[in-house]
1. So residue 122 fits all but one of (1) in a loop (DSSP other than H, G, I, E, B); (2) free of Cβ contacts under 8 Å to residues at least 24 places away in the same chain; (3) of a type in the set (D, E, K, R); what number is the exception?
2. Name the pairs whose Cβ atoms lie under 7 Å apart, with the first residue in the stretch 36-63 and farther than 21 Å from residue 11 by Cα, the second basic (Lys, Arg), and 6 or more positions between them or separate chains?
3. Looking at the stretch 183-205, which of its residues are within 11 Å of residue 219 (Cα to Cα) and open to solvent by less than 30 Å² (accessible area, probe 1.4 Å)?
4. Within the stretch 122-166, work out how many residues are surrounded by fewer than 15 Cβ atoms within 10 Å (Cβ to Cβ) and aromatic (Phe, Trp, Tyr).
5. Among the residues of the stretch 27-37, is there at least one that is buried (at least 16 other Cβ atoms within 10 Å of the Cβ), among the hydrophobic types (A, V, I, L, M, F, W, C) and part of a helix (DSSP H, G or I)?
6. Residue 196 passes all but one of (1) within 18 Å of the chain's Cα centre (by Cα); (2) under 30 Å from residue 95 (Cα atoms); which number fails?
7. Examine the stretch 211-230 for a residue that is touching a residue at least 12 places away in the same chain (Cβ under 8 Å), open to solvent by 10 Å² or more (accessible area, probe 1.4 Å) and more than 18 Å from residue 116 (Cβ to Cβ), and state whether such a residue exists.
8. Open to solvent by less than 10 Å² (accessible area, probe 1.4 Å), part of a helix (DSSP H, G or I) and not hydroxyl-bearing (Ser, Thr, Tyr): does that describe residue 95?
Amino acid sequence: MIQRDQLVAACDHQLRAGQFKDFTINGLQIAGRDQIVRVMTGVTACQALLDEAVAWQADMVLVHHGYFWKNEPVAITGMKQKRIKTLLDHDINLLAYHLPLDAHAEMGNNAELARLLGWKVEGCIDGELGEGLLWSGRLTQPQTLQVLAQQIAQTLRREPLVIEAPGVGEIERIAWCTGGAQDMITDAFEAGAQVFVSGEVSERTTHLAREMGIHYIAAGHHATERYGIQAMGEWLADEYGIEHRFVDIDNPA
């Protein structure tokens, strides 16, 4: 058991939450009970995850995608009202970390993706390791785009969308950023990457990849961001002896 404020302070410190200019609030978003025994983690604080938390009698829900995004309607109505009411009715805390969890050098989404796929991390293109979001590195050995895509599909349990750039050949230098970072492809190319891996794809991404000469793999927003939040939950369990359960609410996007 741990006090809520102690747990929140530990997470804020570990992820350096205050250092990020983000599109949402990082940290405690909705306060519930003071004592924390059970923490449920998930990618997004959707209603299905909240229902699982209620059934498990969780004290806290810890997610990558929480609430209160910039430019969203401020009125608490409809779906938003139902979600928040579920948390308040059952006295469950909601804790969320967006960019801080993407960037963390040891248990962030980018770090975990590289660990799972065996990529050698060399640094960040857009800042220091642990602060930047666009990571770069090398494969353990040169391989074709098709082999890399197959490895990603098997590891993430999701078939990626692959855009092949003519004339690139075998791949060794790679850049990646989980989630909706497809527009970082230009920076990845300019930094010398032969392939860029992210979660989503836009119509323009196809033309950018083909015309610049850099392969692109859209491996899924949800699929690429399952792992940082799990690592964070396991860290909390190890450090503070709380119960942790990760629930994967299926999402094909």
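1. In the conditions (1) in a loop (DSSP other than H, G, I, E, B); (2) free of Cβ contacts under 8 Å to residues at least 24 places away in the same chain; (3) of a type in the set (D, E, K, R), residue 122 misses (1) alone.
2. Final answer for the pair search is 47/82; 47/83; 56/38; 56/245; 57/38.
3. As a first pass, look at the stretch 183-205 and keep what is within 11 Å of residue 219 (Cα to Cα): 196-201.
196, 197, 198, 199, listed by residue number.
4. Of the residues in the stretch 122-166, 0 are surrounded by fewer than 15 Cβ atoms within 10 Å (Cβ to Cβ) and aromatic (Phe, Trp, Tyr).
5. No, the conditions are met nowhere in the stretch 27-37.
6. Failing condition for residue 196: (2).
7. yes
8. On the way: open to solvent by less than 10 Å² (accessible area, probe 1.4 Å): yes; part of a helix (DSSP H, G or I): no; not hydroxyl-bearing (Ser, Thr, Tyr): yes.
Criteria not met by residue 95.
The values are calculated or read from the model by the stated rules, or taken from the named source; none is laboratory data. It should be emphasised that the depicted structure is a prediction, and the values quoted were computed from it without experimental measurement. All Cβ positions, even for glycine, are placed from backbone atoms using ideal geometry, and neighbour counts span all protein chains on display. Note: accessible area is taken over every heavy atom of the protein model, side chains too, but ligands, DNA and RNA are not part of it. Shrake-Rupley method; radii C 1.70, N 1.55, O 1.52, S 1.80 Å.
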